[in-house]
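What follows is a single structure, written as C-alpha cells, with notes after it.
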Amino acid sequence: MIRLDDEQHWLYAAVDPDTNELLHTKLEPTRTNVLAHALFTELREKHDVDDAVFLVDGATPLKEACNRHGLDFRYERHGNRNSVERVF
C-alpha cells in the first residue's frame, strides 16, 4: 500500500527478481479479486509466466487470482519478496 497524503493506493507489480525487470504494474485505489484477476490476465497476455513462481504477500485476492489462473505461488512475508520491493 502506498499512502499519498490522505489517499491509499495499492501497487500491483510483477518483477523478474533475477533481472529487476518490471514485467507489469498497476496502481489501484483498492484491492479486489477483480483487480488481481485483471493483473494476471494482462501479465499473461504480455509474458509467458506459466512456469513462474509468484511470491505474494498475504492478500487473499492475489492468492485466489493465482489459483484461478493455475499459477504457482508462494506466500512470502519477508525474504525473497523484499528483493522485488527493493526495485521500488
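For D18, are the conditions met, namely being part of a loop (DSSP other than H, G, I, E, B), modelled with pLDDT under 90, over 12 Å from the mean Cα position of the chain (by Cα) and of a type in the set (D, E)? Answer is yes for this residue. With respect to the conditions (1) β-branched (V, I, T); (2) more than 14 Å from A13 (Cα to Cα); (3) surrounded by 16 or more Cβ atoms within 10 Å (Cβ to Cβ), T60 falls short on a single one, namely (3).
Selection of first residues in segment 72-88 that are assigned to a loop (DSSP other than H, G, I, E, B) and of second residues that are among the small types (G, A, S) and modelled with pLDDT of 65 or more, restricted to Cβ pairs under 9 Å at least 6 apart or on distinct chains, gives the following pairs, ordered by first then second residue: R77/G58; V87/A13; F88/A13.
On the stretch given as segment 31-54, residues that are over 14 Å from W10 (Cα atoms), crowded, with 18+ Cβ neighbours inside 10 Å and free of Cβ contacts under 8 Å to residues at least 40 places away in the same chain total 3.
Reported count of residues in segment 21-55, each being farther than 20 Å from E76 by Cβ, not in a loop (DSSP other than H, G, I, E, B) and not hydrophobic (A, V, I, L, M, F, W, C), is 8.
The values are calculated or read from the model by the stated rules, or taken from the named source; none is laboratory data. Here the structure is a predicted model, which means the values were calculated and not measured. Here the Cβ is made from the backbone with ideal geometry for all residues, glycine too, and neighbour counts use every protein chain on show.
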